[in-house]
Amino acid sequence: MDVMVSKLLELFLQSPLVSWVKTFGQFGSGSQDNLTMYMDLGDGIFLNQIMLQIDPRPTNQCISKHINNDVNLCIQNLTILVRNKTYYQEVLQPTWRS
């Protein structure tokens, strides 16, 4: 892996967002390398599991759990995650919304 990409990946994995994600379970624990952790975030499976902990209301959308590096399935999972953002907008009513 290119040195610059490796450094950017390391910086991302030290970000507050990833630190927050690590509080929800076993993500990043053990002997995973940076690329594996990044791919685990990028496929949307773990992030959707976190959303279900935050907002356990059932959804009609099914998360693909066997991605096998299929970009379309990753996009589908991340699209479901973005669509579920209404929980924050409707229920939590963040203060940044006017």
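The values are calculated or read from the model by the stated rules, or taken from the named source; none is laboratory data. As the structure is a computational prediction, the values presented were derived from the model and not from experiment. In this analysis, Cβ positions are derived from the backbone assuming ideal geometry, glycine residues included, and neighbour counts consider all displayed protein chains.
Values computed for the structure shown
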{"quantity": "Leu81 being out of contact with any helix residue (DSSP H, G or I) (no Cβ under 7 Å at 6 or more places or on another chain), not in a loop (DSSP other than H, G, I, E, B) and not small (Gly, Ala, Ser)", "calculated": "no"}
{"quantity": "Subset of the range 49-74 [modelled with pLDDT under 80 and either surrounded by 11 or more Cβ atoms within 10 Å (Cβ to Cβ) or of a type in the set (Phe, Trp, Tyr) (or both)]", "calculated": "Ile54, Asp55, Thr59, Gln61"}
{"quantity": "Any hit, the range 13-34, residues being of a type in the set (Phe, Trp, Tyr), surrounded by 13 or more Cβ atoms within 10 Å (Cβ to Cβ) and in a helix (DSSP H, G or I)", "calculated": "no"}
{"quantity": "Phe46, sole failed condition from (1) assigned to a helix (DSSP H, G or I); (2) in contact with a helix residue (DSSP H, G or I) (Cβ under 6 Å, 6 or more places away or on another chain); (3) modelled with pLDDT under 85", "calculated": "(3)"}
